[in-house]
Amino acid sequence: MKFPCPRCRRFYRVKTQGVAWEEGRPLNDGTWTSYKLFMGDLLECEGCGSQMILPARGPFAEHYQPDYEALKTAHAPIVRVDDCGGTWDPDRALQLQQANAEQGLQRISDSLDALRAAADAAGFDITRPGHD
């Protein structure tokens, strides 16, 4: 099955097979904690860099199992999803938007640093417009 990226109209491609990810669960005090561990494949759009995880069947571990923390440590989940589809919390939504914006800005900054390093290595001065 192919998964299209609606942003750039290309198909997602497998970037990494067999990644672990964790589902969180909310506590009564508004914080989140571990709930379930899953495996899946990390897909990425080569056009825009958007990523998604294609989950395998069901969880391979749940929080009440005695070896949960050991399995979590061994598999090192790449992300924890704290979204159970429950009550809408506008403050939490704002926090997530801010965190996503900060991550996006960090990616842009990292890309610019890499571009500057590559230009320096190639002998180009990218600080002067029109320089050949």
note = Over the stretch 36-77, the set of residues over 30 Å from PRO4 (Cβ atoms) and outside any loop (DSSP other than H, G, I, E, B) is ALA61, GLU62, TYR68, GLU69, ALA70, LEU71, LYS72, THR73, ALA74
Yes/no for PHE124 being in a loop (DSSP other than H, G, I, E, B) and hydrophobic (A, V, I, L, M, F, W, C) = yes
task = Go through the stretch 28-63 and count every residue that is modelled with pLDDT under 90 and on the phi > 0 side of the Ramachandran plot.
result = 1
task = Working only within the stretch 57-82, note down all residues that are surrounded by fewer than 13 Cβ atoms within 10 Å (Cβ to Cβ) and of a type in the set (Gly, Ala, Ser).
result = GLY58, ALA70, ALA74, ALA76
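The values are calculated or read from the model by the stated rules, or taken from the named source; none is laboratory data. The shown structure was predicted, so the numbers you read here are calculated from the model rather than taken from an experiment. Cβ: placed from backbone, ideal geometry, glycine included. Neighbour counts: every protein chain shown.
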